[in-house]
Amino acid sequence: MTKTVIVTDSTAYIPEDKRASLNIKMVPLSVVIGNDTYREEIDINAYEFYDKIRNEKALPKTSQPSLGNFVNTFEELEKDYDTIISIHLSSGISGTLAGAEQAGGMVEGIDVYTFDTEISCMVQGFYVIRAAEMAQAGETPEVILQELNKMKQSMRAYFMVDNLDHLHRGGRLNGFERVIGSVLQVKPILHFENKVIVPFEKVRTRKKAMKRIADMLEEDASKYDKIKATIIHANNEQEAIEWKILLEAIMPNVEFTISYFGPVIGTHLGEGSMGLGWYHVES
Ligand code: MYR
């Protein structure tokens with residue numbers, strides 16, 4: 001039987017106990033604040049990050065894992081497994097997946113497959129958790145990858161930020177003039193298209209944006225028996241909890257979780273951002 005292990009990066013923001021129970025290996029991205037570099041989820045957590053940057057003059061920056069980090073991780077896994085499936089944030093916003101691909105070609109004695117989630121955060125986490133459950137059940141890498149590609153067909157995610165400056169500064173927003181967001185106070189709904197972030201719709205208020213996103217989920221919830229959804233917040237957990245209670249009441253066939261934008265993604269979105277991602281679970 002093929003022994004398959006699942007690797008992901010820190011931006012899936014899968015809690016440590018969940019990673020441990022599903023044998024998910026995590027390679028961290030880093031945030032750089034002033035002269036200090038922190039591996040997220042190891043040296044700094046989301047609460048510490050948002051707290052720290054509030055009192056910092058220097059704006060944080062992010063960096064992908066080093067090639068050496070991937071090589072070391074894969075070499076270590078080669079001792080116990082035949083196959084790695086390395087699942088990462090969108091290749092259109094980070095070089096992380098390219099790093100995993102390169103390392104995979106350098107390590108002998110183990111097959112490395114990479115999977116581009118074309119998204120990030122717990123939406124990426126949905127793929128990782130499903131793949132890890134299947135690996136634990138002894139499924140072959142081919143069957144796991146087939147399932148991930150199937151999940152991609154119904155995966156959707158929308159998010160909004162309080163201030164577009166973070167995305168502009170990091171060069172991660174496409175198709176939107178800087179002046180529009182700041183001058184007109186537009187709260188655009190954002191999403192991923194062809195692996196990069198683009199505006200989905202321009203909405204005037206946060207409330208309207210949240211209503212529009214919820215309506216899209218409700219439309220899918222009326223078509224499918226079972227949906228898994230995650231509400232993603234950037235240090236605004238209370239708002240996420242309230243939204244979850246509201247949505248759960250009108251969509252009983254949707255299983256909601258609450259997750260977060262951690263340090264690396266928070267650097268590019270800013271505090272107060274909010275997102276909703278979901279996919280259709282086949283029974
Ligand atoms: C790096 O330095 O390689 C990391 C760059 C990360 C860019 C993040 C841009 C925002 C992503 C938003 C994801 C929303 C998912 C629902």
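Taken over the stretch 240-267, residues that are out of contact with any strand residue (DSSP E or B) (no Cβ under 7 Å at 6 or more places or on another chain) and either open to solvent by 10 Å² or more (accessible area, probe 1.4 Å) or closer than 21 Å to residue 219 by Cβ (or both) amount to 8.
Among residues that are of a type in the set (D, E, K, R) and out of contact with any strand residue (DSSP E or B) (no Cβ under 9 Å at 6 or more places or on another chain), residue 219 is included. Taken over the stretch 129-174, residues that are assigned to a helix (DSSP H, G or I) and touching a Lys or Arg at 6+ places or on another chain (Cβ under 9 Å) amount to 10. Can you tell me which residues in the stretch 117-128 are open to solvent by less than 40 Å² (accessible area, probe 1.4 Å) and not in a helix (DSSP H, G or I)? 117, 119, 120, listed by residue number.
Criterion first (open to solvent by 30 Å² or more (accessible area, probe 1.4 Å), closer than 29 Å to residue 41 by Cα, within 18 Å of the chain's Cα centre (by Cα) and within 15 Å of the ligand (Cβ to nearest atom)) does residue 237 satisfy it? Criteria not met by residue 237. What are the residues in the stretch 130-153 that are in contact with a helix residue (DSSP H, G or I) (Cβ under 7 Å, 6 or more places away or on another chain) and within 16 Å of the ligand (Cβ to nearest atom), if any? The one that is in contact with a helix residue (DSSP H, G or I) (Cβ under 7 Å, 6 or more places away or on another chain) and within 16 Å of the ligand (Cβ to nearest atom): 151. For the stretch 55-80, filtered to residues that are away from the ligand (no atom under 16 Å from the Cβ) and among the polar types (S, T, N, Q), the residue that is surrounded by the most Cβ atoms within 10 Å (Cβ to Cβ) is 73. Filtering the stretch 154-170 to residues that are closer than 17 Å to residue 62 by Cβ, open to solvent by 50 Å² or more (accessible area, probe 1.4 Å), more than 9 Å from the ligand (Cβ to nearest atom) and not acidic (Asp, Glu) leaves only 169.
Scanning the stretch 117-127 turns up one or more residues that are within 16 Å of the ligand (Cβ to nearest atom) and either acidic (Asp, Glu) or touching a Cys at 6+ places or on another chain (Cβ under 8 Å) (or both). Applying a threshold of 7 Å to beta carbon distances and a minimum spacing of six or more residues, or different chains, the list of pairs starting in the stretch 129-153 at a residue that is open to solvent by 80 Å² or more (accessible area, probe 1.4 Å) and ending at one that is of a type in the set (S, T, N, Q) reads 136/23. Annotation note: of 83, 114, 96, the sole residue that is hydroxyl-bearing (Ser, Thr, Tyr), open to solvent by less than 10 Å² (accessible area, probe 1.4 Å), within 16 Å of the ligand (Cβ to nearest atom) and touching a residue at least 12 places away in the same chain (Cβ under 8 Å) is 96.
The values are calculated or read from the model by the stated rules, or taken from the named source; none is laboratory data. Only a predicted model underlies this, so the values are computations on that prediction, with no experimental measurement involved. Reconstructed Cβ throughout: ideal geometry from the backbone, glycine too, with neighbour counts over all protein chains shown. Surface accessibility is based on the protein's heavy atoms, side chains included, excluding ligands, DNA and RNA. Shrake-Rupley method; radii C 1.70, N 1.55, O 1.52, S 1.80 Å.
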